[in-house]
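So the structure is just underneath, and the comments pick up after that.
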Amino acid sequence: MSAPQIQAPRGTYDVLAQQASARVALEARARSILESAGYERIETPTFEATELFARGVGSSTDIVRKEMFSFEDAGGRALTLRPEGTAPVCRAFVEHGMHKRSKPVKLWYLSSFFRHERAQKGRYRQFWQVGAEALGSDDPAVDAESIALASSLLAEMGVRAVRLRLSSLGSPETRGAYREELKAHLRAHEDSLAPEVRERIEDNPLRAFDSADPATRSVMESAPKLLDRLDPDDGAHFAEVRALLTEARVDYEVDPTLVRGLDYYMRTVFEFTSDALGAQSGVGGGGRYDALVQELGGPPTPGMGWACGIERMLLAGEPPVAAPAPVELFVALEHHDEVTRRAAFGLLGEARRAGLAAQMELAGRSLKRQLSHADALGARYVVIVEQQQTVLKDMQAGQQTSLAADAVVHAVLRGQHAL
Ligand code: HAM
């Protein structure tokens, strides 16, 4: 009786060859776009102190309230698999004294994140993001550059039907006063609100803008809008971000109802959606978080950034077609005896040391089947190791020659150069 099968946990998936090469291509493009703009790669640990996210992302957010994979380690420390990358990058910024560097400090990452969400197409419990964070400047040009870079990445990945929604949340003070005004509006219309919105009036009234419930939506249409309450500085900052995006030819729609699921934002917020995705249309998003570094114990440091979901970019985009890895030399065995195997294995090592992409027969096939296997792999040359001699087959020319084993690698290299 065979043992029971074990499957990957719900909401996770395996990356197989074709997906893997699309990801490699995505990573290469992200690197080229971001590093050309002065972003440096950063990778933070997969798990962090739970406190980092409770404080950084905000204890009233869905992420912290119900989506974190948290656990206690053997030493009793409260740890959490990272649900997002901004708080960890800010933690690393403070920990490594990066505020002493010339500003802005620009960092990018490509990492996996974990959220205990209801799994469906485009929404996973382990997912991947490319993200970019610029720390140390509140210049509106940082916002516009950051958004323009995300827009370039989506364009280069062939993500179809992209919309950019943009808004400003103003300062925490403006937002605080506005929250009270909004709460009063919600309380005045409490009877028309969906239960989950009614429950959140006190701790997260802004979420009401996100509701799909028709009665709630009509209450929200007459709700006061934060954009109309911005103070002059924030209003001017937002106007400049918009002007710069127009200058950069990045199309956007101002959406005063835009709500982000993380608490650290202030001033600029934005989201990219793609109509090519189903219900999970958010392909990327971000904004400004000018108080986060300080909340995490660092010096006052403004920040701005975004993250795009890799699975969603691949779903809504045109993943690059992957060319299979070339096989320059396939080492075949006439017989599967020890002497032949050892000679073949020696030849394989020699070929690899010379830099050739080489593979060897490993499954005990007959010589005939080895040749068709090598053909299917697209091998350029096949060497057949026999007890008395070695035979080199040029698979393109269909010719073969008998030669000394130690001349094979040279012959392949020469043949390749002759091509
Ligand atoms: P976020 O909007 O929570 O922002 O996530 C960014 C992107 O990650 C989403 O637009 C989506 O494409 C992808 N994503 C999120 N959750 C899932 C999931 N469960 N499955 C698949 N994809 C998902 C942040 O995480 C912020 N840290 C972005 C940021 C950086 N803000 C400032 N700097």
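The values are calculated or read from the model by the stated rules, or taken from the named source; none is laboratory data. The structure displayed is predicted, hence computed values, not measured ones. Positions of Cβ are backbone-derived with ideal geometry, glycine not excepted, and every protein chain shown enters the neighbour counts.
Points worth noting:
- Test result for residue 162, β-branched (Val, Ile, Thr) and either within 13 Å of the ligand (Cβ to nearest atom) or on the phi > 0 side of the Ramachandran plot (or both): yes
- Odd one out for residue 117 among (1) within 22 Å of residue 259 (Cα to Cα); (2) acidic (Asp, Glu); (3) surrounded by fewer than 18 Cβ atoms within 10 Å (Cβ to Cβ); (4) more than 11 Å from the ligand (Cβ to nearest atom): (4)
- Residue 191 being within 30 Å of residue 105 (Cα to Cα) and not polar (S, T, N, Q): no
- Filtered residues of the stretch 1-59 (kept if polar (S, T, N, Q) and at pLDDT below 95): 2, 18, 19, 21, 59
- Number of the exception - residue 102 against (1) assigned to a loop (DSSP other than H, G, I, E, B); (2) within 27 Å of residue 60 (Cβ to Cβ): (2)
- Meets criteria (small (Gly, Ala, Ser), surrounded by fewer than 23 Cβ atoms within 10 Å (Cβ to Cβ) and part of a helix (DSSP H, G or I)) for residue 323: no
- Among the numbered conditions (1) surrounded by 20 or more Cβ atoms within 10 Å (Cβ to Cβ); (2) within 11 Å of the ligand (Cβ to nearest atom); (3) modelled with pLDDT of 95 or more, the only one that residue 267 does not meet is (2).
- Any hit, the stretch 176-195, residues being under 30 Å from residue 68 (Cα atoms), in a helix (DSSP H, G or I), at pLDDT 95 or above and within 16 Å of the ligand (Cβ to nearest atom): no
- In the stretch 276-292, the residue that is surrounded by the fewest Cβ atoms within 10 Å (Cβ to Cβ) out of those that are more than 8 Å from the ligand (Cβ to nearest atom) and within 19 Å of residue 212 (Cβ to Cβ) is 279.
- Count of residues meeting criterion [closer than 17 Å to residue 313 by Cβ and of a type in the set (D, E, K, R)] in the stretch 107-150: 2
- Members of the stretch 135-149 that are among the aliphatic types (A, V, I, L, M) and either over 19 Å from the mean Cα position of the chain (by Cα) or near the ligand (Cβ under 9 Å from one of its atoms) (or both): 135, 141, 142, 144
- Scanning the stretch 354-370 for residues that are within 18 Å of residue 415 (Cβ to Cβ) and not polar (S, T, N, Q) gives 354, 355, 356, 357, 358.
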